[in-house]
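Working notes, beginning with the structure itself.
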Amino acid sequence: LSQLTTAITQLGKLIEEARTVLILQPEKPDTDSLTSSLALEQILGDLGKEVLLYCKDAMPSYISYFEGVDRVLNEFPSHFDLTILVDTGGPQQVARTLESFQGRLTKKPFVVIDHHPNRTSLPFETHEVIDATATSTCELVLEIAQALSWKVNVAAANLMVPGILSDTLNLSVQTVGAKQFRTMADLIDLGANVYESHQNYRKTLSLSTDLVKLKGRLLSRMELFEDGKIALITVTPAELKEYAEIHDPSDLVIYDLLHAEGVNVAVIIRHYGGAAEKIKISTRANIPVAAKACAELGGGGHDRAAGCQVNDTPVSEVVPKFVTILSKHIRDYEALQHSQP
Ligand SMILES: [Mn+2]
């Protein structure tokens, strides 16, 4: 507790001394990184600060419905007194950002506000405001605002709700406890409309009839391996050419595979083709085998969500090769479960 309290107090002083604050998001931004940035923009704006938002990558379309998304600059600002990096677990999530701007960023105080439990520090001096028990950066932002008696306006409260809902899968993950429900209750007291937040999200899930048809075609090609524990779909170069820019075909079906009875691992093979025969593999798993399997082909990720890329190998060889690797890890995991009392 005391370390976080001290860090928050120091953050308060740094903010007091700054006139212009740059809020930086990780590459591959998500709902929590964007909404925590926009909420901080509101809160610091009310404190009289000039707030600039930057992200090295463009905001993906699935989060572009938030008001203020257009204020995230795609050009690095020339002047700021302080940087706050949000929702970033380590330097690999800002590798390209640091490659371009580390020299300019490190001339001024650099704050990290984050909640990832497995963190790697950045390769320069930072003021870390970390709460690994927070389930989202938005939750931590409210904690900070309350500790420093910063005013949280209705817009800020409305922005923090979707950040929390998205990182906790609608308050349904194991790490959610009374604290997260209290945070939500506090946000409602501050004027947030939770129903509207769900409605806005549900609107983003609607698909064009064309994509519904693609989804049907992809699902009808599902292949099963390893006694039905692995479900796999290959997306063709023609389908990727037509749809990859509109909607990731993998996102369209991967959870349907994972939710099929008996399936432990869902695999989407994106076959881009071309001269290099580029193939990208995405896996989602109910058991912790995804990262281990993908690592064998030079990829990585999390226990239950990982990916890898293979070049110069025909898809007809890649599929059985990856299925064999995955099957071995599934059996290893099952053997381990059976050996435990
Ligand atoms: Mn987060």
Subject >> Neighbour cut-off at most 16 other Cβ (10 Å), DSSP loop, trypsin sites (Lys or Arg not before Pro), segment 243-318 >> reply: Arg304
Original post:
So how far apart, in nm, are the two label points at Ala178 and Thr313 if each is 7 Å from Cα heading toward Cβ?
Top reply: 5.2
Subject >> Whole-Hz ³J(HN,Hα) from phi, Karplus 6.51 cos²θ - 1.76 cosθ + 1.60, for segment 128-142, glycine and proline x >> reply: 8, 10, 10, 10, 6, 8, 6, 8, 7, 5, 4, 4, 5, 4, 5
**OP:** Principal axes first, then extents: for the Cα atoms of segment 223-293, list largest minus smallest coordinate on each axis, whole Å, largest first.
**Re:** 34, 23, 19
Original post:
Once amide H atoms are placed 1.01 Å from N in the peptide plane, what residues at a sequence separation of 5 or more from Val111, or on another chain, have their amide H within under 5 Å of its amide H?
Top reply: Thr83, Ile84, Leu85, His127
**OP:** Give me the accessible area of Phe101, 1.4 Å probe, in Å² rounded to the nearest 10.
**Re:** 30
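Can you tell me, using C-alpha contacts under 8 Å and at least 6 residues apart, the relative contact order of the chain as a whole percent?
Normalised by residue count, the contact order of the chain is 11 percent.
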**OP:** Give the Kirkwood hydrodynamic radius (Å, one decimal) of segment 155-219, defined as one over the mean of 1/r across all pairs of different Cα atoms.
**Re:** 13.5
**OP:** For helix 178-189, report the angle its Cα long axis makes with the longest principal axis of the Cα atoms of the chain; keep it between 0 and 90° and round to the nearest 10°.
**Re:** 60
Original post:
Taking only pairs that are 8 or more places apart or on different chains, how many Lys pairs in segment 1-135 have Cα atoms under 19 angstrom apart?
Top reply: 7
**OP:** Under 15 Å from the Cβ of Gln3, count the other residues' Cβ atoms, weight Lys and Arg +1, Asp and Glu -1, and hand me the total.
**Re:** -3
**OP:** Calculate what fraction, in whole %, of the accessible area of segment 188-252 sits on carbon and sulfur atoms when a 1.4 Å probe is rolled over the protein chains.
**Re:** 53
Subject >> Cα coordinate range in the chain, projected on the principal axes (Å, largest first) >> reply: 61, 50, 41
Original post:
If one takes the longest principal axis of the Cα atoms in the chain, at what angle in degrees, from 0 to 90 and to the nearest 10, does the Cα axis of helix 31-46 lie?
Top reply: 10
Subject >> Of Leu34, Leu207, Ile113, farthest towards positive along the dipole that unit charges on Lys, Arg, Asp, Glu beta carbons give the chain >> reply: Leu207
**OP:** Would you mind checking segment 247-270 for residues with the amide N under 11 Å from a putative spin-label position 7 Å along Cα→C-beta of Ser208?
**Re:** 247
Original post:
What net charge do the residues around Ile130 carry, taking every other residue with its C-beta under 11 Å from that of Ile130, with Lys and Arg at +1 and Asp and Glu at -1?
Top reply: -2
**OP:** Would you mind computing Rg(Cα) / (2.2 N^0.38 Å) for segment 9-167, counting N as its residues?
**Re:** 0.93
Original post:
Between Leu224 and Arg19, what FRET efficiency follows from the Cβ-Cβ distance if R0 is 51 Å, with the result rounded to 0.05?
Top reply: 0.25
Original post:
Taking amide hydrogens as modeled 1.01 Å from N in the peptide plane, which residues meet the under 5 Å criterion relative to Gly90, leaving out close sequence neighbours?
Top reply: Thr120
Subject >> Taking segment 222-341 and dividing mean pair separation by its residue count, relative contact order in percent (alpha carbons under 8 Å, at least six apart) >> reply: 19
**OP:** Within the set of other residues whose C-beta is less than 9 Å from the C-beta of Ile330, count the net charge using Lys and Arg as +1 and Asp and Glu as -1.
**Re:** 0
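Would you calculate, for the chain, the mean residue ellipticity at 222 nm contributed by helices, counting each DSSP H stretch of 4 or more residues as -39,500 (n - 2.57) and dividing by all residues, to the nearest 500?
Values: 12 runs with 152 residues, N = 341.
When only DSSP H runs of four or more count, the value is -14000 deg cm²/dmol.
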Original post:
Spin-label point model (7 Å from Cα, Cβ direction): what's the Asn286 to Asp81 distance in nm?
Top reply: 5.5
Original post:
So what's segment 1-103 giving for Rg/Rh, alpha carbon basis, Kirkwood Rh from the mean inverse pair distance?
Top reply: 0.96
Subject >> the chain - accessible surface per residue (Å², probe 1.4 Å) >> reply: 50
**OP:** Give a residue-ordered list of calculated ³J(HN,Hα) values for segment 307-322 (Karplus: 6.51 cos²θ - 1.76 cosθ + 1.60, θ = phi - 60°; whole Hz; x for Gly, Pro).
**Re:** x, 7, 10, 10, 10, 6, 10, x, 4, 5, 9, 5, 4, x, 5, 5
**OP:** Give the Cα extents of segment 45-139 along the principal axes, in whole Å, largest first.
**Re:** 31, 31, 30
Original post:
Calculated FRET efficiency, Ser61 and Gln102, Cβ-Cβ r, R0 30 Å, to nearest 0.05?
Top reply: 0.55
**OP:** Determine, from the Cβ-Cβ distance of Ala185 and Lys215 and an R0 of 35 Å, the FRET efficiency 1/(1 + (r/R0)^6), rounded to the nearest 0.05.
**Re:** 0.40
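The values are calculated or read from the model by the stated rules, or taken from the named source; none is laboratory data. Note that the coordinates shown come from a computational prediction; the quantities given were computed from them, not determined experimentally. Neighbour counts are summed over all protein chains in view; Cβ atoms, including those assigned to glycine, are modelled from backbone coordinates with ideal geometry. With ligands, DNA and RNA removed, areas are computed over all heavy atoms of the protein, side chains included. Shrake-Rupley method; radii C 1.70, N 1.55, O 1.52, S 1.80 Å.
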